[in-house]
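Structure, as structure tokens:
What follows is calculated from the coordinates using simple rules that are stated; it is not laboratory data. All values derive from a computational prediction rather than experimental measurement. Cβ placement follows ideal geometry from the backbone for every residue including glycine, while neighbour counts extend to all protein chains displayed.
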Amino acid sequence: MSCRILLVDEHEVTRIGLKALLSPLKSVTVCGESGDGIDAIRKAHELNPDIIILDHCISKANGSIVTRRVLKEHPEQKVLIFGITESKNTVRDLLQAGIKGFVSKSDPEMDILCAIDALQQNRTYFTSYVERLILDEYLHPKMMTSETRDEYLLSLREQEVLQLLAEGTATKDVALALGISVKTAETHRSNIMRKLGVHNLAQVTVYAVAHHILKVPIFGRSLPYEQYRKRQSAGPQFQVSNELQLLPTKENEALTTKIVLGA
């Protein structure tokens with residue numbers, strides 16, 4: 001029987017490339033594709049794929065949230081992350097969510113094919129960086145940090161609301177996207193701010209950037225916070241300010257934020 005695969009990536013060109021790579025394989029069928037996390041959760045339920053190839057840096061619901069939501073309803077489905085390897089905390093959270101594989105977009109194309117084959121045989125497949133992280137965690141277990149404690153304070157639904165708010169989504173649109181009432185969305189918003197000790201949406205956005213929930217847009221693409229900081233040493237064309245400036249704006253009667261990187 002052909003293995004059914006759901007492709008989840010914000011960038012259409014990536015999905016087209018993956019389909020072209022997989023099309024010659026008789027044992028694999030691309031049953032659907034999605035460009036955001038919330039739609040991916042819905043399609044995973046509707047299409048019931050065997051494997052979900054997922055970019056963890058996706059809007060509306062990140063890779064960790066998508067994985068937890070999908071596996072809660074369909075534990076038989078397997079999630080293969082196809083993204084950019086970044087912070088240890090991000091990878092650790094994905095592993096705890098239940099992913100079965102992680103391939104970096106910088107890896108050779110053969111790796112994604114090997115990963116799919118491994119998952120079909122109920123094995124795992126991780127890029128070398130993630131394998132080293134798993135081994136290091138096993139050999140040198142660490143105490144939970146304040147950062148991970150903050151994340152565990154929030155329920156899965158609150159994490160979903162947090163990401164949408166940080167992306168500038170108005171509360172009524174958060175409710176629509178998640179299929180909940182506006183009052184419930186407002187309650188989640190209040191609980192998030194109380195638990196995290198923040199007082200406005202600008203601070204929510206700063207928290208989301210610092211915890212790798214929201215990616216910082218720079219030069220037409222999104223980079224993790226710690227990666228763009230490293231660009232300071234690459235030359236004048238990559239220099240950024242020492243701090244993020246958060247400019248409050250009014251849109252649809254909701255406070256949104258715009259991240260501005262200084263030259």
Peptides 174-183, 31-40 ordered by average Cβ neighbours within 10 Å, highest first = 31-40, 174-183
Assuming a ≥ b ≥ c are the square roots of the Cα gyration tensor eigenvalues, decide whether the range 3-139 counts as rounded (a/c under 1.5), prolate (otherwise, with a/b larger than b/c) or oblate.
-> rounded
How would you rank Asp136, Asp93, going from fewest to most other Cβ atoms within 10 Å of each one's own Cβ?
-> Asp136, Asp93
Which links in Lys19/Lys88; Lys43/Lys78; Lys43/Lys195 stretch past 20 Å when you go from one Cα to the other?
-> Lys19/Lys88; Lys43/Lys195
Provide the net charge surrounding Thr124, with neighbours chosen by a C-beta distance below 11 Å and charges set as Lys +1, Arg +1, Asp -1, Glu -1.
-> +2
With the label point 7 Å along the Cα-to-beta-carbon line of Leu113 and a cut-off under 17 Å to each amide N, the hits in the range 1-33 are 3, 17-30
For Gly35, what is the net charge nearby, where nearby means another residue's Cβ is under 11 Å from its Cβ and Lys, Arg count +1, Asp, Glu -1?
-> -4
